[in-house]
Amino acid sequence: MVRTTGSPAGGEETSGASTGGRDRLGWLREARLGMFIHWGLYSMPARHEWVKHAERLDDAAYDTYFEHFDPDLFDPEVWADHAARAGMKYVVITTKHHEGFCLWDSALTDYKATRAPAGRDLLRPMIEAFRAEGLRIGLYHSLLDWHHPEFPIDGMHPQRDDAGAIAAAKGRDVSKYADYLHGQVEELLTQFGRIDYMWFDFSYRQRVWGGKGRQDWRSEELLARVRELQPDVVVNDRLDVPGDVTTPEEYQPAAPMAGDDGLWEACQTLNGSWGYDRDNLNWKSPDMIVRMLVDGVSKGGNLLLNVGPNARGRLEPRAVPVLEAIGEWMTLHGRSIYRAGPSEFVPPADCRFTQRDDRLYVHLFAWPLGHLHLRGLAGKVRYAQLLHDGSEIRMQVIDPHEQAQNTKLGGVGEGTLTLTLPIQRPAVAVPVIELFLRQVR
Ligand code: GLC
């Protein structure tokens with residue numbers, strides 16, 4: 001398998017200089033595919049990262065995971081290698097999830113990996129390993145904190161139904177928690193070199209009683225500080241103030257989404273759980289994930305695909321073949337994804353178009369019998385080939401006014417380009433035909 005490290009195939013590395021504005025998103029738009037990593041104490045119960053909420057576990061019960069968290073098989077270079085071989089160009093790593101446990105050696109809390117049996121900073125080795133593979137670095141940081149003593153209990157909190165806990169928490173001051181939140185973001189943006197993407201999660205002002213948003217997080221102040229510390233960093237849209245990227249989650253948008261420059265990124269799990277979920281059988285197939293990636297790029301979006309490593313520090317075995325299958329497809333078809341985006345041409349049924357400069361890519365989600373008819377492309381294509389093996393695809397323009405006769409083709413509209421396809425569908429997750437356009441639209 002060819003490793004696709006370095007800048008996206010055919011893509012120009014976005015300059016390191018502070019450019020702000022549209023250029024700030026350039027690398028992310030080119031990258032198209034990233035790895036999301038959800039890893040924390042919740043990997044021990046292995047029942048989804050919201051286990052503390054779902055099972056209403058209090059700190060005393062949840063501390064058992066803190067007291068036993070010892071990922072002795074943790075090797076981030078293995079994870080980074082899988083990501084690079086899967087064709088992923090950036091990573092987003094959970095620094096702290098809603099449980100409040102920090103993977104790095106924060107000076108602001110003892111609820112961190114260096115104080116657990118793990119006994120070391122787990123974030124820095126991940127950043128270094130992924131950076132060494134040429135991936136851009138994103139940090140996920142939860143705005144919620146179900147462990148912090150000043151985080152007010154609300155309708156999302158594990159103790160949301162515990163009258164005693166609610167009464168005892170009456171005096172909590174969310175502004176003191178916000179100071180902590182801002183202080184930790186400061187640590188993350190000053191201690192780990194260039195950070196390319198801050199992925200905050202999440203605001204819920206009107207969803208539950210005591211819901212929190214921009215006032216609670218002091219989002220405007222936080223965002224200004226983020227931009228001051230790392231002017232080129234991309235910020236997502238979950239601070240309850242406008243961000244750089246729209247982040248639909250666990251669904252495929254039916255059309256291009258709004259957002260600055262129209263860039264959006266669908267974050268998706270492999271099985272419906274972000275954190276390791278041992279007994280979960282709801283796994284998406286590699287073919288489905290490749291179709292999700294293609295579908296998203298055809299609408300101007302990225303795919304941030306999640307893995308949930310287990311408590312020993314290993315990618316779960318079921319994730320590895322999926323990543324390898326995606327890597328196989330990306331090795332052969334990466335140039336239809338990297339730096340590619342929507343086309344003004346309209347694809348036929350069961351197909352998606354992605355376009356990059358004078359190359360138009362036809363992604364066939366179904367394999368038709370013998371021919372593919374491309375309306376509006378007659379006279380616009382100088383050559384066509386199957387992308388996976390570079391084999392020619394013959395083209396013809398059928399005169400719509402000629403009488404169809406027996407096996408002589410008819411019934412195609414004016415201006416249609418007809419491709420002749422092999423009967424056998426190519427043995428790849430999604431076959432792609434590369435069209436060389438005569439001129440870029
Ligand atoms: C939701 C979930 C959170 C997960 C995030 C990933 O916000 O609450 O657990 O980390 O989605 O996008």
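The values are calculated or read from the model by the stated rules, or taken from the named source; none is laboratory data. What you see is a predicted model, and the numbers here were worked out from it, not measured in a lab. Note that each Cβ is placed from the backbone with ideal geometry, even for glycine, and that neighbours are counted across all protein chains shown.
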Could you pull out the residue among Gly275, Gly171, Gly193, Gly243 that is within 27 Å of Val322 (Cα to Cα), assigned by TED's automatic domain parsing to the domain that holds Ala129 and assigned to a loop (DSSP other than H, G, I, E, B)? Gly275
If a residue has to be assigned to a loop (DSSP other than H, G, I, E, B), under 25 Å from Ala107 (Cα atoms) and not aliphatic (A, V, I, L, M) to count, how many in region 129-156 make the cut? 8
Leu144 - would you say it is closer than 30 Å to Gln206 by Cβ and surrounded by fewer than 17 Cβ atoms within 10 Å (Cβ to Cβ)? no
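Condition check ((1) under 30 Å from Val297 (Cβ atoms); (2) in contact with an Asp or Glu (Cβ under 9 Å, 6 or more places away or on another chain); (3) of a type in the set (A, V, I, L, M)) across all residues:
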position	(1), (2), (3)
His38	yes, yes, no
Asp59	no, no, no
Leu73	no, no, yes
Tyr90	yes, yes, no
Phe101	no, no, no
Asp105	no, yes, no
Leu108	no, yes, yes
Ala113	no, yes, yes
Met126	yes, no, yes
Just to be sure before I move on: is Tyr140 within 23 Å of Ser219 (Cβ to Cβ), among the aromatic types (Phe, Trp, Tyr) and within 16 Å of the ligand (Cβ to nearest atom) in the structure I sent? yes
Inside region 189-228, can you point out the residues that are of a type in the set (A, V, I, L, M) and within 16 Å of the ligand (Cβ to nearest atom)? Met198, Val208
Inspect region 197-214 for any residue being β-branched (Val, Ile, Thr), under 15 Å from Glu150 (Cβ atoms) and surrounded by 13 or more Cβ atoms within 10 Å (Cβ to Cβ) and give the result as yes or no. no
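Okay, residues lined up against (1) touching a residue at least 12 places away in the same chain (Cβ under 8 Å); (2) within 15 Å of Ala31 (Cβ to Cβ):
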{"position": "Lys284", "(1), (2)": "yes, no"}
{"position": "Leu305", "(1), (2)": "yes, yes"}
{"position": "Arg314", "(1), (2)": "yes, no"}
{"position": "Pro317", "(1), (2)": "no, no"}
{"position": "Glu324", "(1), (2)": "yes, no"}
{"position": "Gly341", "(1), (2)": "yes, yes"}
{"position": "Val346", "(1), (2)": "yes, no"}
Out of all the residues in region 236-250, which are surrounded by fewer than 17 Cβ atoms within 10 Å (Cβ to Cβ), away from the ligand (no atom under 12 Å from the Cβ) and not β-branched (Val, Ile, Thr)? Pro242
Odd one out for Arg335 among (1) out of contact with any helix residue (DSSP H, G or I) (no Cβ under 8 Å at 6 or more places or on another chain); (2) in a loop (DSSP other than H, G, I, E, B); (3) in contact (Cβ under 8 Å) with a residue 24 or more places away in the chain: (2)
Go through (1) surrounded by fewer than 18 Cβ atoms within 10 Å (Cβ to Cβ); (2) at pLDDT 95 or above one by one and return the number of the condition Ser273 breaks. (1)
Name the pairs: first residue in region 355-368 and assigned by TED's automatic domain parsing to the domain that holds Thr420, second residue surrounded by 14 or more Cβ atoms within 10 Å (Cβ to Cβ) and part of a loop (DSSP other than H, G, I, E, B), Cβ to Cβ under 6 Å, at least 6 apart or on different chains? Gln355/Ser343; Arg356/Arg339; Arg356/Ala340; Leu360/Ser343; His363/Val430; Leu364/Pro431
Any chance Arg172 is over 21 Å from Gly301 (Cβ atoms) and either within 16 Å of the ligand (Cβ to nearest atom) or modelled with pLDDT of 95 or more (or both): yes
Report whether or not Leu303 is surrounded by 23 or more Cβ atoms within 10 Å (Cβ to Cβ) and modelled with pLDDT of 95 or more. yes
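Conditions (1) surrounded by fewer than 16 Cβ atoms within 10 Å (Cβ to Cβ); (2) in a helix (DSSP H, G or I); (3) in contact (Cβ under 8 Å) with a residue 24 or more places away in the chain; (4) within 16 Å of the ligand (Cβ to nearest atom), marked per residue:
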residue: Ala61; (1), (2), (3), (4): yes, yes, no, no
residue: Thr64; (1), (2), (3), (4): yes, yes, no, no
residue: Trp79; (1), (2), (3), (4): no, yes, yes, no
residue: Thr94; (1), (2), (3), (4): no, no, yes, yes
residue: His98; (1), (2), (3), (4): no, no, yes, yes
Answer yes if at least one residue in region 376-388 is touching a helix residue (DSSP H, G or I) at 6+ places or on another chain (Cβ under 7 Å), of a type in the set (A, V, I, L, M), within 22 Å of Pro422 (Cβ to Cβ) and modelled with pLDDT of 95 or more, and no otherwise. yes
Being touching a strand residue (DSSP E or B) at 6+ places or on another chain (Cβ under 6 Å) and surrounded by 12 or more Cβ atoms within 10 Å (Cβ to Cβ) is the filter; apply it to region 398-419 and report the residue that is nearest to Glu324 (Cα to Cα). Leu419
